[in-house]
Amino acid sequence: MSDENDVILDDLSDEDLVDQMKDDLYDGMAAEVREGTQILLRRGWEAGDILSQALVEGMRIVGIDFRDGTLFVPEVLQCAGAMKSGMELLRPILASTGSRASLGKFVIGTVKGDIHDIGKNLVGMMLEGAGFEVIDLGINNPVDNYLAAIDQHQPTVLGMSALLTTTMPYMGVVIEELDKRGILKSLPVMVGGAPLNQEFADAIGATKYGRDAAVSAELARALVGQNH
Amino acid sequence: MGRCLVLACGALAQEVLAVKAALGLSDAEMTVQCLPAELHNRPAAIAPRVADVLAARRGEFDRVLVAYGECGTGGALDPVLAQYDATRLPHAHCYALFAGAERFEAIIAENIGSFFVTDFLARHFDRLVWQGLGLDRHPHLLPVYFGHYRRLVHLAQSDDADLRARAEAAAQKLGLAFVHLPVGHGDLTAALATVTEGDRV
């Protein structure tokens, strides 16, 4: 979006700086997004306002272009890296002030027997960009890992990912266990991964099927009553 | 034997033509048409592109085999096939197609950190994998993509020393151990034989 290489971020007005940060985030310029975040903090901005107006809004545009096929996985990973550089500064402040800027906690992990996590990582980044606090359990998670994370973090949504046809049925095992324990009634479960489809998600009792990372973030926002 | 169309993923083109020749099928018996293999990097585009071709060629053939697996289409391909009275390959992807479901599962069970390449991917690794994933432009993304993989498994369709060397070089580039498994054309042969010999689907 931006070809500017010589913008002095500190010289910009707040409004122009936020716009520039969104451009820099889109271009995957991590150092610039971090610097912009530092400047806004120095100017007295609330961490939650920087998150929502610059970073989340920037990632929302990235998500739209990813969904529409304008941006592809490598570029989105760059964007997510840029957002992360700003988030690293904001996260401790948000935590220490008990800010409610977050849409809630989203526990996500790849299921047992599956180490393929590129899709899961993309979803995690898009969710963070959409305003969720993401608890990433990583790869190869047995049901006990999900249960422990639910117990510890009390998430708003649980997400599971699988790439293999041989591992995706395990999502059903987890959902069944959640149902047995009465957790499913109050915890929406999203599933995704290349071999999945809506029919499979319905069959195992998942709340939502996320076809791709951008769609997943939109669905998650909808689940917590936040829609653009 | 009636007229048959095989609408294949470009990643299977050589293998489909090799099996067609091995089965002794003429062009009159089997027409092979391909879509770009690059669609795999945008799987949402596969079903619409398949639908476009099947609509354009409707009525030309007695039987149509779409030489794709599930291929990350999220279930979008099967309704298109139903609409145009076509079938597709068994298995979710070409790794299981070539290795066979049982063997594929055994390889994964032996090491879940297995990254697969076929002859096609060995041949086009730089363009489709390295550049396709942006690793030429953003090499720092390598651990993001491949951090959990431990070995590259070359499921070889042909006995080709050059392709084996290319696959091994790809493994080195990714920092993975290398395993070479000659699996041939696997279930592709049966799928093509069935579509040419079977009744109208």
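Out of A:Val143, A:Val215, A:Val174, report the one residue that is away from every other protein chain (no Cβ under 14 Å), surrounded by fewer than 21 Cβ atoms within 10 Å (Cβ to Cβ) and in contact (Cβ under 8 Å) with a residue 24 or more places away in the chain.
Among A:Val143, A:Val215, A:Val174, only A:Val143 is away from every other protein chain (no Cβ under 14 Å), surrounded by fewer than 21 Cβ atoms within 10 Å (Cβ to Cβ) and in contact (Cβ under 8 Å) with a residue 24 or more places away in the chain.
Taking the range A:82-112 on its own, how many of its residues are closer than 29 Å to B:Tyr149 by Cβ, of a type in the set (Gly, Ala, Ser) and assigned to a helix (DSSP H, G or I)?
Selection size over the range A:82-112: 2.
Filter the range A:29-55 for residues that are of a type outside the set (Ser, Thr, Tyr), crowded, with 21+ Cβ neighbours inside 10 Å and within 21 Å of A:Phe132 (Cα to Cα) and give the result.
Filtering the range A:29-55 down to residues of a type outside the set (Ser, Thr, Tyr) leaves A:29-36, A:38-51, A:53-55.
With crowded, with 21+ Cβ neighbours inside 10 Å added as a condition, the list becomes A:29, A:32-33, A:36, A:40, A:47, A:50-51, A:54-55.
Hits for the range A:29-55 are A:Val33, A:Ala47, A:Ile50, A:Leu51, A:Ala54, A:Leu55.
The rows are residues; the columns are (1) under 20 Å from the mean Cα position of the chain (by Cα); (2) assigned to a helix (DSSP H, G or I).
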| position | (1), (2) |
| --- | --- |
| A:Thr166 | no, no |
| A:Tyr170 | no, yes |
| A:Glu176 | no, yes |
| A:Asp179 | no, yes |
| A:Ala206 | yes, no |
| A:Tyr209 | yes, no |
| A:Ala214 | yes, yes |
| A:Ala217 | yes, yes |
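For the range A:114-131, how many residues are at the interface with chain B (Cβ under 8 Å from one of its Cβ atoms) and outside any helix (DSSP H, G or I)? Steps first, answer last, please.
Start the filter on the range A:114-131 by keeping residues that are at the interface with chain B (Cβ under 8 Å from one of its Cβ atoms), which leaves A:114-118, A:121.
If we keep only those that are outside any helix (DSSP H, G or I) too, we end up with A:114-117.
Residues that pass the stated criteria total 4.
Condition check: buried (at least 20 other Cβ atoms within 10 Å of the Cβ), small (Gly, Ala, Ser) and either on the phi > 0 side of the Ramachandran plot or touching an Asp or Glu at 6+ places or on another chain (Cβ under 7 Å) (or both). Does B:Ala92 satisfy that? Before you say what the answer is, go through the steps one by one.
Working: buried (at least 20 other Cβ atoms within 10 Å of the Cβ): yes; small (Gly, Ala, Ser): yes; either on the phi > 0 side of the Ramachandran plot or touching an Asp or Glu at 6+ places or on another chain (Cβ under 7 Å) (or both): yes.
Here the answer is yes, as B:Ala92 does meet what is asked.
Could you pull out the residue among A:Ile139, A:Ile115 that is closer than 28 Å to B:Arg151 by Cβ, at pLDDT below 95, of a type in the set (A, V, I, L, M) and in contact with a strand residue (DSSP E or B) (Cβ under 8 Å, 6 or more places away or on another chain)?
Every option except A:Ile139 fails the conditions.
Between a residue in the range B:129-146 that is within 9 Å of chain A (Cβ to nearest Cβ) and any residue that is among the hydroxyl-bearing types (Ser, Thr, Tyr), which pairs come within a Cβ distance under 6 Å, given they are 6 or more apart or on different chains?
Hits for this filter: B:Leu133/B:Tyr145.
Mind listing whichever residues of the range B:95-126 are among the charged types (D, E, K, R) and either crowded, with 21+ Cβ neighbours inside 10 Å or within 9 Å of chain A (Cβ to nearest Cβ) (or both)?
Quick first cut of the range B:95-126, residues among the charged types (D, E, K, R) only: B:102-103, B:105, B:110, B:119, B:123, B:126.
The answer is B:Glu105, B:Asp119.
Among the residues of the range B:99-111, is any among the hydrophobic types (A, V, I, L, M, F, W, C), modelled with pLDDT of 95 or more, in contact with a Gly (Cβ under 7 Å, 6 or more places away or on another chain) and over 30 Å from A:Cys79 (Cβ atoms)?
Yes, the range B:99-111 contains a residue that is among the hydrophobic types (A, V, I, L, M, F, W, C), modelled with pLDDT of 95 or more, in contact with a Gly (Cβ under 7 Å, 6 or more places away or on another chain) and over 30 Å from A:Cys79 (Cβ atoms).
Among the residues of the range B:42-91, write down those that are of a type in the set (A, V, I, L, M, F, W, C), within 14 Å of chain A (Cβ to nearest Cβ) and closer than 21 Å to A:Gln198 by Cβ.
Hits for the range B:42-91 are B:Ala44, B:Ala45, B:Ile46, B:Ala47, B:Cys71, B:Ala76, B:Leu77, B:Val80, B:Leu81, B:Ala82.
Which of the residues spanning the range A:103-113 are charged (D, E, K, R) and within 11 Å of chain B (Cβ to nearest Cβ)? Break it down stepwise before answering.
From the range A:103-113, those charged (D, E, K, R) are A:105, A:112; that's our starting set.
Selection gives A:Lys112 alone.
Taking the criterion of being at the interface with another protein chain (Cβ under 9 Å from one of its Cβ atoms) and buried (at least 19 other Cβ atoms within 10 Å of the Cβ), would at least one residue in the range B:159-170 satisfy it? Steps first, answer last, please.
Our first condition is that a residue be at the interface with another protein chain (Cβ under 9 Å from one of its Cβ atoms); within the range B:159-170, this holds for none.
There is no residue in the range B:159-170 that is at the interface with another protein chain (Cβ under 9 Å from one of its Cβ atoms) and buried (at least 19 other Cβ atoms within 10 Å of the Cβ).
Looking only at residues that are part of a strand (DSSP E or B) and either touching an Asp or Glu at 6+ places or on another chain (Cβ under 6 Å) or β-branched (Val, Ile, Thr) (or both) in the range A:189-204, which one is nearest to the other protein chains (Cβ to nearest Cβ)? Even if it seems obvious, please write down each step before you answer.
Initially, the range A:189-204 is screened for residues part of a strand (DSSP E or B), giving A:189-192.
Those still in the list that are either touching an Asp or Glu at 6+ places or on another chain (Cβ under 6 Å) or β-branched (Val, Ile, Thr) (or both) too: A:189, A:191.
Details: A:Val189: 18, A:Val191: 11 Å.
Residue satisfying both the conditions and the ranking: A:Val191.
Which condition number in (1) closer than 14 Å to A:Gly86 by Cα; (2) surrounded by 13 or more Cβ atoms within 10 Å (Cβ to Cβ); (3) of a type outside the set (S, T, N, Q); (4) over 18 Å from the mean Cα position of the chain (by Cα) is the one that A:Tyr26 fails?
Going through (1) closer than 14 Å to A:Gly86 by Cα; (2) surrounded by 13 or more Cβ atoms within 10 Å (Cβ to Cβ); (3) of a type outside the set (S, T, N, Q); (4) over 18 Å from the mean Cα position of the chain (by Cα) one by one, A:Tyr26 breaks only (4).
Do we find that B:Val183 is within 14 Å of another protein chain (Cβ to nearest Cβ), surrounded by 15 or more Cβ atoms within 10 Å (Cβ to Cβ) and not small (Gly, Ala, Ser) in this structure? Don't jump to the end; show me each part of the working.
Numbers: within 14 Å of another protein chain (Cβ to nearest Cβ): no; surrounded by 15 or more Cβ atoms within 10 Å (Cβ to Cβ): yes; not small (Gly, Ala, Ser): yes.
It is false that B:Val183 is within 14 Å of another protein chain (Cβ to nearest Cβ), surrounded by 15 or more Cβ atoms within 10 Å (Cβ to Cβ) and not small (Gly, Ala, Ser).
Would you check if A:Met160 is in contact (Cβ under 8 Å) with a residue 40 or more places away in the chain, assigned to a helix (DSSP H, G or I), surrounded by 16 or more Cβ atoms within 10 Å (Cβ to Cβ) and at negative phi?
Values: in contact (Cβ under 8 Å) with a residue 40 or more places away in the chain: yes; assigned to a helix (DSSP H, G or I): no; surrounded by 16 or more Cβ atoms within 10 Å (Cβ to Cβ): yes; at negative phi: yes.
So A:Met160 fails the test.
The values are calculated or read from the model by the stated rules, or taken from the named source; none is laboratory data. Every value quoted in this text rests on a predicted model; they were computed, and no experiment measured them. Cβ sites come from the backbone with ideal geometry, for glycine too, and all protein chains shown count toward neighbours.
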